[in-house]
1. Within segment 148-161, does at least one residue satisfy the condition of being at negative phi, more than 13 Å from the chain's Cα centre (by Cα) and in a helix (DSSP H, G or I)?
2. For the subset of segment 53-87 comprising residues that are at pLDDT below 95 and part of a loop (DSSP other than H, G, I, E, B), which member is surrounded by the most Cβ atoms within 10 Å (Cβ to Cβ)?
3. Take the residues in segment 92-106 that are crowded, with 16+ Cβ neighbours inside 10 Å and part of a strand (DSSP E or B), then tell me which one is modelled with the lowest pLDDT.
4. Scan segment 73-92 and give yes if some residue there is more than 12 Å from the chain's Cα centre (by Cα) and more than 23 Å from residue 164 (Cα to Cα), otherwise no.
5. For a quick check of your reading of the model, give me the residue pairs whose first member lies in segment 132-158 and is farther than 14 Å from residue 83 by Cα, whose second is modelled with pLDDT under 95 and part of a strand (DSSP E or B), with beta-carbon atoms closer than 6 Å and at least 6 apart or on different chains.
6. Under 15 Å from residue 23 (Cβ atoms), at pLDDT 85 or above and out of contact with any strand residue (DSSP E or B) (no Cβ under 8 Å at 6 or more places or on another chain) - does that describe any residue in segment 110-124?
7. From the set of residues in segment 1-33 that are closer than 22 Å to residue 129 by Cβ and part of a loop (DSSP other than H, G, I, E, B), which is nearest to the chain's Cα centre (by Cα)?
8. Collect the residues in segment 116-145 that are within 15 Å of residue 24 (Cα to Cα) and either touching a helix residue (DSSP H, G or I) at 6+ places or on another chain (Cβ under 9 Å) or surrounded by 16 or more Cβ atoms within 10 Å (Cβ to Cβ) (or both), keeping them in residue-number order.
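The values are calculated or read from the model by the stated rules, or taken from the named source; none is laboratory data. Note that the structure is a prediction, hence the values are computed from the model and not measured. Positions of Cβ are generated from backbone atoms using ideal geometry, with glycine treated the same way; all protein chains shown enter the neighbour counts.
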């Protein structure tokens with residue numbers, strides 16, 4: 001029964017999402033938000049909401065296919081809880097892949113671009129923590145050890161990231 005899950009309106013809640021880092025050598029596939037998106041013109045990794053009835057891996061595969069036309073063997077690299085400062089946060093399951101089937105194609109979500117790691121800081125990113133997150137995703141992807149992280153906003157409105165093993 002759902003009551004066995006101790007669901008209570010006063011408890012902290014999260015919206016589940018996925019984020020997929022697709023690598024090709026020393027480049028990362030990013031999507032630049034389409035004009036109709038709230039993040040128009042900004043770059044982000046691939047991903048989106050986990051729909052009811054989906055698990056995180058199925059959602060990541062679906063989002064990758066919908067946004068890029070690609071299929072890949074995805075590996076869970078870690079989890080990130082985004083504390084929005086509100087009653088509801090965001091739980092992000094972070095995946096990575098470099099073994100792709102197909103060629104990327106743009107979607108209604110935006111255009112795709114392979115970006116060299118060293119160029120990331122030059123781009124308008126949707127979230128500033130992407131630069132902080134990337135080294136941890138790479139380390140996890142290479143080592144097979146997942147990370148656990150939390151992001152939150154400081155008094156100045158900056159998005160900060162902390163990792164469970166630091």
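1. No, because not a single residue in segment 148-161 is at negative phi, more than 13 Å from the chain's Cα centre (by Cα) and in a helix (DSSP H, G or I).
2. Checking each candidate, the answer is 70.
3. Only one residue fits best here, namely 100.
4. Going through segment 73-92, the residues more than 12 Å from the chain's Cα centre (by Cα) turn out to be 73-75, 83-89.
So of that shortlist, the ones also more than 23 Å from residue 164 (Cα to Cα) come out as 73.
Yes, because at least one residue in segment 73-92 is more than 12 Å from the chain's Cα centre (by Cα) and more than 23 Å from residue 164 (Cα to Cα).
5. Listed by first residue and then by second, the contacts come to 132/161; 147/163.
6. Let us first name the residues in segment 110-124 that are under 15 Å from residue 23 (Cβ atoms), namely 112-120.
Checking which are at pLDDT 85 or above leaves us with 112-120.
When the remaining residues are screened for being out of contact with any strand residue (DSSP E or B) (no Cβ under 8 Å at 6 or more places or on another chain), the result is 118-119.
Checking segment 110-124: at least one residue is under 15 Å from residue 23 (Cβ atoms), at pLDDT 85 or above and out of contact with any strand residue (DSSP E or B) (no Cβ under 8 Å at 6 or more places or on another chain).
7. It comes out as 26.
8. Correct list: 117, 120, 134, 137, 138, 141.
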